[in-house]
Amino acid sequence: MSLRLRALPTLPRVVRPGCRELLCLLVITVTVSRGTSGVCPTACICATDIVSCTNKNLSKVPGNLFRLIKRLDLSYNRIGLLDSEWLPVSFVKLNTLIIRHNNITSISTDSFSTTPNLKCLDLSSNKLKTVKSAVFQELKVLEVLLLYNNHISYLDPSAFGGLPHLQKLYLSGNFLMQFPMDLYLGRFKLAELMFLDVSYNRISSLPMHHINLVPGKQLRGIYLHGNPFVCDCSLYSLLIFWYRRHFSSVMDFKNDYTCRLWSDTRHFHQVLLLQDSFLNCSDSIVNGSFRALGFIHEAQVGERLIVHCDSKTGNSNTDFMWVGPDNRVLEPEKEMKNFHVFPNGSLVIESPRFEDAGVYSCIAMNRQRLLNETVDVTINVSNFTMNRSHAHEAFNTAFTTLAACVASIVLVLLYLYLTPCPCKCKPKRQKHMLNQSSVQASILAPGPDSDAPADERKASAGKRVVFLEPLKDTAAGQNGKVRLFPSETVIAEGILKSSRVKSDSDSVNSVFSDTPFVAST
């Protein structure tokens, strides 16, 4: 390289600088330039755009760091508080910040306003107890956040709400007692979160009715091993489902998934979750979880069925194909009878048949990231019409029986309470018959003696005569006789003689004649 020097033109009334002035200008320029770029502090090691200040007993960040660095490591120091002024300058190109193994107890708002382009933040092995809301809201492009080995027992639902690109979150080795469901559902969910490590916390159960709503591409990245779970068939069915799908979160830590089986209120023993015949959990519970997660579908004969390919590779730049139970290849461009595959990976069976039941495998291949994944879906086919006819017949039988019972009860009630009663004619008839009886009694019974005392006349006024039909006996001498008792025969005329008057003789003879007496109606 050659350096050409040209003489400065001499202008009128302009003083030409000498050598001393040029040297002073050069020194000032170099000093300003070095101050703008920063220098490598004595407590740090610098390599172009990487600065490491580890294990130097620092309580604050050095102020003369190079502003254009991309990686800064401050681990194994004594930094205790992250506030809005903990970084002396703005690092606009910094993408990796490591502050692990310090004494950080709190993070305030605007702590990372000077590092807007961070993609990886390591805050592990500190003394954080809570993660408040909006402490990471300035990190719009953050992808990896490490918070493991802290003392975190509470996460604000909106703590990670401002991180739309977060893909990996490490929360293992803390004191969390509940699964952070807000990361997947709700207002502050993270759609790009594909890895969540909550192992070795204090989580005893999972919200099964909510975790079933998490997309499959996010489920495979949830690590739960090392938690003190309570033994439960629902939890077992979830983990065994992940195991059958070859999730690395379960396959790689199979022996670390245990649960507590309590013998009493004070004693328990650890039981491996992923073992055969766990707590005698039935297959129906396991298959029920598979259905809830969308990997067992029930189809009806003749009714259209749509099955989605739940893959983690995404739909953009992804090719899909299905392999049927008989090893038939189903592709979007290839039309087959009764089957159709859409470009987004959805499989359509226009008119399912019994022979279409089985295990279908969806193969997703992402050209951009060179990823591929296979998802197995079980399809069961049943005849709804047949089942409906049986159910209809059973319903008809039950309805007929119930209707007959109700009708019987109604008829009984009608018979007991609503039987027609001749209320008007019955009293008249009884009165008429009573009058007839009184007339006949007056014929047979003697009238009261006028000479008798009043008390006797009153007592005899209520007396009635009983008429008895004479027995028809062929034996001689029985005419006009009434047998009152089997062992005694009494003549009716003898009974009446003592009390009748002479004027009644003709009436008595007419009554006790051979002709039977018939009452008039």
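What the table below lists for this structure:
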| read-out | value |
| --- | --- |
| Selected residue (only one of Phe268, Phe253, Phe278 is of a type outside the set (Asp, Glu), surrounded by 11 or more Cβ atoms within 10 Å (Cβ to Cβ), modelled with pLDDT under 70 and assigned by the TED database to the domain that holds Pro207) | Phe278 |
| Test: residue in the stretch 230-242 that is touching a strand residue (DSSP E or B) at 6+ places or on another chain (Cβ under 9 Å), free of Cβ contacts under 8 Å to residues at least 40 places away in the same chain and surrounded by fewer than 16 Cβ atoms within 10 Å (Cβ to Cβ) | yes |
| Residue count for the stretch 167-179, restricted to those that are within 22 Å of Asn102 (Cβ to Cβ) and of a type outside the set (Ser, Thr, Tyr) | 7 |
| Verdict on Val198 being buried (at least 21 other Cβ atoms within 10 Å of the Cβ) and assigned by the TED database to the domain that holds Cys259 | yes |
| Considering residues of the stretch 57-72 that are of a type in the set (A, V, I, L, M) and over 51 Å from the mean Cα position of the chain (by Cα) only, the residue modelled with the lowest pLDDT | Leu65 |
| Subset of the stretch 336-366 [part of a loop (DSSP other than H, G, I, E, B) and more than 16 Å from Arg304 (Cβ to Cβ)] | Pro343, Asn344, Gly345 |
| Failed item in (1) at pLDDT below 80; (2) surrounded by fewer than 16 Cβ atoms within 10 Å (Cβ to Cβ); (3) under 25 Å from Arg220 (Cβ atoms), with Glu333 passing the rest | (3) |
| Every residue from the stretch 145-157 that is open to solvent by 30 Å² or more (accessible area, probe 1.4 Å) and over 32 Å from the mean Cα position of the chain (by Cα) | Asn149 |
| Pairs where the first residue, in the stretch 172-196, is under 20 Å from Leu142 (Cβ atoms) and at pLDDT 95 or above and the second is exposed (fewer than 14 other Cβ atoms within 10 Å of the Cβ) and not aliphatic (A, V, I, L, M), C-beta under 9 Å, 6+ apart | Asn174/His151; Asn174/Arg202 |
| Selection status of Phe290, aromatic (Phe, Trp, Tyr), modelled with pLDDT under 80 and either outside any strand (DSSP E or B) or open to solvent by less than 50 Å² (accessible area, probe 1.4 Å) (or both) | yes |
| Test result for Thr54, of a type in the set (Ser, Thr, Tyr), surrounded by fewer than 19 Cβ atoms within 10 Å (Cβ to Cβ) and modelled with pLDDT under 90 | no |
| Pairs, first more than 16 Å from Ser172 (Cβ to Cβ) in the stretch 246-272, second of a type in the set (Asp, Glu) and open to solvent by less than 80 Å² (accessible area, probe 1.4 Å), C-beta under 8 Å, six or more apart | Cys259/Asp232 |
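The values are calculated or read from the model by the stated rules, or taken from the named source; none is laboratory data. Predicted model, so just to flag it, every value in this text is computed and none were measured. Quick reminder, even Gly has a Cβ in these numbers, built from the backbone with ideal geometry, and neighbours come from all protein chains shown. Quick note on the areas: whole protein, heavy atoms, side chains included, nothing else; ligands and nucleic acids left out. Shrake-Rupley method; radii C 1.70, N 1.55, O 1.52, S 1.80 Å.
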